[in-house]
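Student: Right, I'll just put the structure down here and ask away after.
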Amino acid sequence: MFVSTHASDLENCAMFYLFSCKNVFFLCSMGQRTHSYFPLFVLLLSLCWVQRSDTDGERWSCERCDQQFFCNCSYSGFVHVPVVSDHALTLDLSFNNITEVTDDDLTGHSKLRALSLHGNSLAVIHPSAFDSLWSLENLDLSDNNLTALNHEWFNKLSALQQLNLLNNPYSCLGSPPVFQSLVRLRRLAFGGPALLEIKRGDLSGVTELEELTLHANNLKRYESGALAGIWPLGHVTLSLQGPVSTDRALASAVLADVAYSNTPIVVQEVYLVGTGSVEPFKELTKRRIRSITFRNITLSDEALTEALSMMDGVPITFFSLDDVILTGEGRWEKGNETHLSSLDEVFVRHIVILDLFKFIKVAEYFHLLHYPTKISTIDTKSLSTLIRMIARLSKLTHLDASRNGYSSMPQSCSWPHTLRYLNISRAKLTEVTSCLPTTLEVLDLSYNSLKNFSLSMPFLRELYLSGNKFLSLPHGRLFPNLETLIIQSNTMNMFGPSDLQSYSRLQSLQAGQNKFVCSCDFVSFLQSAFKDAGEVQITDREESYVCDSPLYLQGRPVGGVSLSVVECHRVLFVSVSCGVALCVALLVSILLWRLHVFWYLKMTCAWVKAKRSSQQRRKRDRMDTEALLSFDAFVSYSERDASWVENYLVPELEEPGENGEDSSNPRGPRPLTLCLHKRDFLPGHWIMDNIMSAIERSRRTIFILSENFVQSDWCRYELDFSHFWLFDGNAGDEAAILILLEPLSRDNIPKRFYKLHKLMRSTTYLEWPQEEERVVEFWESLRRALRVEEEDDD
């Protein structure tokens, strides 16, 4: 139904319009303006639509299904069975508000194996509601409002193995028998506060059960033999509070039908006070049962004495008191002669003694504990007291003292020499002492607060230490016969081959769920242990071994971690890296040396420094370039060639008259001024400043090239520096004059002087003649080269 309503339509109403949705009506009169009523109308219409949708049975969906097709739709507020995947194998609809299951709610779920409708308000189930559930094995209809059971519900459930009908308000099972078609049923639970009658034939079709649970606290009528047809019967739990208290014959009939010697019986929620209250349990002794448990009961000393007297001579092997309130005055005289020689195991948990100070004696029945080989005590407060109680039990082999509040252990103890199994798990122990018996073969100290274990246990085969605070594995020399070690959920960081080698016979190790530091050694060891099972097998799941640190690996399974060479071999990596870096640095240095990079850097620094000094000097003197020119030429030469410079070059250029020329001739050669480093460099000044100053103050630079020049470090250094000035762009190519004293190939000149090479290729250089007749021509050519600028000026 879709309704569209507009304010304008309501304003022009010519008649009454009636909108009904069950009991909701809206009325408007013609000609009346209804702007103020429109929001109210919309609200009422919405409520009507919701109610109609609910009435029409619109179904919600539930999509909370995992990869195993388990659909958890509990606690979701559903009022109808929701739509779920047809592939669902388990459907949990517990704790909703479902009141009805219709014939098509579960259609198409032929693969469903388990269905739970526990804790709903279910009152109506259509007769064919479960017909499509051919594969259903587990059905839970407990805690609902089913006032009657219908056999048609189960007609098609031939595969059903477990059925729970507890705590529904039906008073009888109904007719015809509701379980007639459940030929594979193995676990059945029925009854509740409203169950009043069980008749013979009600359980027709149920031939054998592994477990039967019956809540019949208010049962009024029971036909003998109603439960007798079930055989074999594996385990029985009975709640018979009303019958035991008010109709003991009825209680006896029920117990007689389910009591078999090999069937464990659990009786719960009964009130046993006085000797008469235990009369119905004589049926159990007649059938010579071997296992009986009283759970959640109130028990007087008289009733307990009477019950033990009845069991005297019965081959009972297991006796348990669980959640028992003990009343009376502790008078056990009648039971002093009771002997339960067949008793093998005693389980005691949550015993509360009312009016403890009224009890005359508590320990008189301790003589009964001489017979059991297995004793379980839970929620006792003192380990010392427990040890004193069992010290003389000559047949005791197993002691379960778990789930107690023990916070300490005595320093020394006296245990039965027969004790082989000891469980002190889930206590509050912070350390173990020499109190522990050395005869133990199995020791469970799980879920305490232990940090170490340093006692020698020569016969121990199994050790359970999960849930403590161990930082490492206990040393194996303490346990020469240990075969199984379980140490999960501690604070261990790692373990390795050396730890396991200390165990001479260890076969199985479970150490998952610890705070592992995923180092290279640990990861490598554990991954190899997962792949290749050695002498010690890691038997818990690989997924339980998870990295806790380093941070970038936190949460990752150890088996999937891959660490780099840098992380695993850091010292080697650093050593190799340093070696490689050193080799690379050496190769780069050689390459830079071969490419003269160092020279360029060195000369650049020197040039910049000298250049800066020159600029500062110019600014200080405020002179132009011509005023700075003091020399005609700066001579760069090797010290080995100094004799040629001093004996030939200087006299020829600076003293032309002394060499036979007429110095008075105005057209004759003018004496030149040369700058020589030995003569003209200022002492005490930086050599670079001297060179820079000499080059700046000279019109030309004469290079006296020879093998000595090329091989001389000093000359090369001087030439190197001069190279910057000559070829920095301020001086032209004509500023350099090259004189070869001897034949010299350009290949002998350092390659880094690329401009000098270029100059030798592009400029004519002077060669010192070997013939005497060409010497005059040589000097004339040199003088012309030196006076080119001078002639240009003229």
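Student: Out of the residues in the range 494-510 that are surrounded by fewer than 14 Cβ atoms within 10 Å (Cβ to Cβ) and touching a helix residue (DSSP H, G or I) at 6+ places or on another chain (Cβ under 8 Å), state the one that is farthest from Cys547 (Cα to Cα).
Tutor: Of everything passing the filter in the range 494-510, Ser504 is farthest from Cys547 (Cα to Cα).
Student: Collect the residues in the range 179-195 that are more than 47 Å from the chain's Cα centre (by Cα) and open to solvent by 60 Å² or more (accessible area, probe 1.4 Å), keeping them in residue-number order.
Tutor: Selection gives Gln180, Val183, Pro193.
Student: Right, another one. Quick one: in the range 203-231, which of the residues that are open to solvent by 60 Å² or more (accessible area, probe 1.4 Å) and within 50 Å of the chain's Cα centre (by Cα) is modelled with the lowest pLDDT?
Tutor: Glu208
Student: Considering every residue within the range 478-493, establish whether at least one is open to solvent by 60 Å² or more (accessible area, probe 1.4 Å) and either out of contact with any strand residue (DSSP E or B) (no Cβ under 8 Å at 6 or more places or on another chain) or basic (Lys, Arg) (or both).
Tutor: no
Student: Would you confirm, using the coordinates I've provided, whether Arg287 is open to solvent by 50 Å² or more (accessible area, probe 1.4 Å), in contact with a Phe, Trp or Tyr (Cβ under 9 Å, 6 or more places away or on another chain) and not polar (S, T, N, Q)?
Tutor: Criteria met by Arg287.
Student: Let me ask something else. Scan the range 214-236 and report the pairs whose first residue is at positive phi and whose second residue is open to solvent by less than 30 Å² (accessible area, probe 1.4 Å), with Cβ atoms within less than 8 Å and a gap of 6+ or a chain change.
Tutor: Gly225/Asp257
Student: Here is a check on your reading of the model: is Tyr365 at pLDDT below 85 and in contact with a Ser or Thr (Cβ under 6 Å, 6 or more places away or on another chain)?
Tutor: Details: at pLDDT below 85: yes; in contact with a Ser or Thr (Cβ under 6 Å, 6 or more places away or on another chain): no.
When the stated conditions are applied, Tyr365 does not pass them.
Student: Going through Val650, Val645, Val635 one at a time, which residue ends up being aliphatic (A, V, I, L, M), modelled with pLDDT of 85 or more, surrounded by 16 or more Cβ atoms within 10 Å (Cβ to Cβ) and outside any helix (DSSP H, G or I)?
Tutor: Values: Val650 fails: outside any helix (DSSP H, G or I); Val645 fails: outside any helix (DSSP H, G or I).
From the options Val650, Val645, Val635, the qualifying one is Val635.
Student: For the range 97-126, which residues satisfy the criterion of being open to solvent by 50 Å² or more (accessible area, probe 1.4 Å) and within 41 Å of the chain's Cα centre (by Cα)? It would help to see each step written out before you state the result.
Tutor: Of the residues in the range 97-126, the ones open to solvent by 50 Å² or more (accessible area, probe 1.4 Å) are 97, 99-100, 103-104, 107, 111, 113, 123-124, 126.
Passing the criteria: Asn97, Lys111, Arg113.
Student: Tally up the residues in the range 284-333 that are assigned to a strand (DSSP E or B) and under 14 Å from Val267 (Cβ atoms), please. Before you say what the answer is, go through the steps one by one.
Tutor: Within the range 284-333, the subset assigned to a strand (DSSP E or B) is 291-300, 318-327.
Narrowing the set further to residues that are under 14 Å from Val267 (Cβ atoms) leaves 291-299, 318-324.
Qualifying residue count, the range 284-333: 16.
Student: Looking at the range 398-437, which of the residues that are closer than 30 Å to Ser342 by Cα and over 41 Å from the mean Cα position of the chain (by Cα) is surrounded by the fewest Cβ atoms within 10 Å (Cβ to Cβ)?
Tutor: His417
Student: If you don't mind, there's one more thing I want to ask. If you scan the range 451-477, which residues turn out to be loosely packed, with under 14 Cβ neighbours inside 10 Å and not in a loop (DSSP other than H, G, I, E, B)?
Tutor: The one that is loosely packed, with under 14 Cβ neighbours inside 10 Å and not in a loop (DSSP other than H, G, I, E, B): Arg477.
Student: Please work out which residue is most open to solvent (accessible area, probe 1.4 Å), limiting yourself to the range 246-263 and to residues that are out of contact with any helix residue (DSSP H, G or I) (no Cβ under 7 Å at 6 or more places or on another chain) and of a type in the set (Ser, Thr, Tyr).
Tutor: Once the filter is applied, the top-ranked residue is Thr246.
Student: Looking for something without any contact (Cβ under 8 Å) to a residue 12 or more places away in the chain, farther than 29 Å from Asn481 by Cα and of a type outside the set (Phe, Trp, Tyr) - is there at least one such residue anywhere in the range 516-530?
Tutor: No: zero hits.
Student: Within the range 524-539, how many residues are among the hydroxyl-bearing types (Ser, Thr, Tyr) and open to solvent by less than 60 Å² (accessible area, probe 1.4 Å)?
Tutor: 1
Student: Here is a check on your reading of the model: is Val254 in a helix (DSSP H, G or I), at pLDDT 95 or above and either within 55 Å of the chain's Cα centre (by Cα) or of a type in the set (A, V, I, L, M) (or both)?
Tutor: yes
Student: Moving on to the next point. Name every residue in the range 103-136 that is among the polar types (S, T, N, Q) and farther than 14 Å from Asn150 by Cα, in order of residue number.
Tutor: Thr107, Ser110, Ser116, Asn120, Ser121, Ser132, Ser135 - these are the residues of the range 103-136 that are among the polar types (S, T, N, Q) and farther than 14 Å from Asn150 by Cα.
Student: Can you pull out the residues in the range 127-144 that are of a type outside the set (Ser, Thr, Tyr), without any contact (Cβ under 8 Å) to a residue 40 or more places away in the chain and either over 14 Å from Arg184 (Cβ atoms) or crowded, with 21+ Cβ neighbours inside 10 Å (or both)?
Tutor: The answer is Pro127, Ala129, Phe130, Asp131, Leu133, Leu136, Leu139, Leu141, Asp143, Asn144.
Student: Hey, any hits in the range 512-532 for a residue that's part of a helix (DSSP H, G or I), under 12 Å from the mean Cα position of the chain (by Cα) and of a type outside the set (D, E, K, R)? Break it down stepwise before answering.
Tutor: First, pick out the residues of the range 512-532 that are part of a helix (DSSP H, G or I): 520-531.
From what is left, the residues that are under 12 Å from the mean Cα position of the chain (by Cα) are none.
No, every residue in the range 512-532 fails to be part of a helix (DSSP H, G or I), under 12 Å from the mean Cα position of the chain (by Cα) and of a type outside the set (D, E, K, R).
Student: Still on this structure, please answer the following. Taking interchain pairs and intrachain pairs at least six residues apart, which have beta carbon atoms under 9 angstrom, with the first residue in the range 163-188 and assigned to a loop (DSSP other than H, G, I, E, B) and the second open to solvent by 30 Å² or more (accessible area, probe 1.4 Å) and β-branched (Val, Ile, Thr)?
Tutor: Pairs that qualify, where the first residue is assigned to a loop (DSSP other than H, G, I, E, B) and the partner is open to solvent by 30 Å² or more (accessible area, probe 1.4 Å) and β-branched (Val, Ile, Thr), are Asn168/Thr147; Pro169/Thr147; Tyr170/Thr147; Ser171/Thr147; Val183/Thr207; Leu185/Thr207.
Student: Read through the list (1) in contact with a helix residue (DSSP H, G or I) (Cβ under 7 Å, 6 or more places away or on another chain); (2) at pLDDT 95 or above; (3) of a type outside the set (Phe, Trp, Tyr), then give the number of the only condition that Glu441 fails.
Tutor: With respect to (1) in contact with a helix residue (DSSP H, G or I) (Cβ under 7 Å, 6 or more places away or on another chain); (2) at pLDDT 95 or above; (3) of a type outside the set (Phe, Trp, Tyr), Glu441 is out only on (1).
Student: While we're on this one: When you look at Val517, is it surrounded by fewer than 19 Cβ atoms within 10 Å (Cβ to Cβ), within 29 Å of Asn404 (Cα to Cα) and not aromatic (Phe, Trp, Tyr), yes or no? Don't jump to the end; show me each part of the working.
Tutor: Values: surrounded by fewer than 19 Cβ atoms within 10 Å (Cβ to Cβ): yes; within 29 Å of Asn404 (Cα to Cα): no; not aromatic (Phe, Trp, Tyr): yes.
It is false that Val517 is surrounded by fewer than 19 Cβ atoms within 10 Å (Cβ to Cβ), within 29 Å of Asn404 (Cα to Cα) and not aromatic (Phe, Trp, Tyr).
Student: Just checking, how many residues over the range 290-308 are more than 17 Å from Val236 (Cβ to Cβ) and either charged (D, E, K, R) or in contact with a Ser or Thr (Cβ under 6 Å, 6 or more places away or on another chain) (or both)?
Tutor: Within the range 290-308, residues that are more than 17 Å from Val236 (Cβ to Cβ) and either charged (D, E, K, R) or in contact with a Ser or Thr (Cβ under 6 Å, 6 or more places away or on another chain) (or both) number 6.
Student: Then there's this: Just for the range 438-450: of the residues that are assigned to a loop (DSSP other than H, G, I, E, B) and within 17 Å of Ser466 (Cβ to Cβ), which one is farthest from the chain's Cα centre (by Cα)?
Tutor: Leu445
Student: May I pose another question? Taking the condition in a strand (DSSP E or B), under 15 Å from Phe319 (Cβ atoms) and either aliphatic (A, V, I, L, M) or open to solvent by less than 10 Å² (accessible area, probe 1.4 Å) (or both), does Val266 pass?
Tutor: yes
Student: With (1) in a loop (DSSP other than H, G, I, E, B); (2) closer than 30 Å to Gly405 by Cβ as the list, and Leu485 as the residue in question, which single condition is left unmet?
Tutor: For Leu485, the exception is condition (1).
Student: Only one of these is modelled with pLDDT of 70 or more and either touching a His at 6+ places or on another chain (Cβ under 6 Å) or surrounded by fewer than 16 Cβ atoms within 10 Å (Cβ to Cβ) (or both): Ser698, Ser745, Ser693. Name it.
Tutor: Checking each option against the conditions leaves just Ser745.
Student: Could we say that Ile265 is closer than 24 Å to Asp344 by Cα and among the β-branched types (Val, Ile, Thr) here?
Tutor: Here the answer is yes, as Ile265 does meet what is asked.
The values are calculated or read from the model by the stated rules, or taken from the named source; none is laboratory data. The model shown is predicted, which means the values in this text are computed figures rather than measured ones. Neighbour counts are summed over all protein chains in view; Cβ atoms, including those assigned to glycine, are modelled from backbone coordinates with ideal geometry. Just the protein is used for accessible areas: all its heavy atoms, side chains included, with ligands, DNA and RNA removed. Shrake-Rupley method; radii C 1.70, N 1.55, O 1.52, S 1.80 Å.
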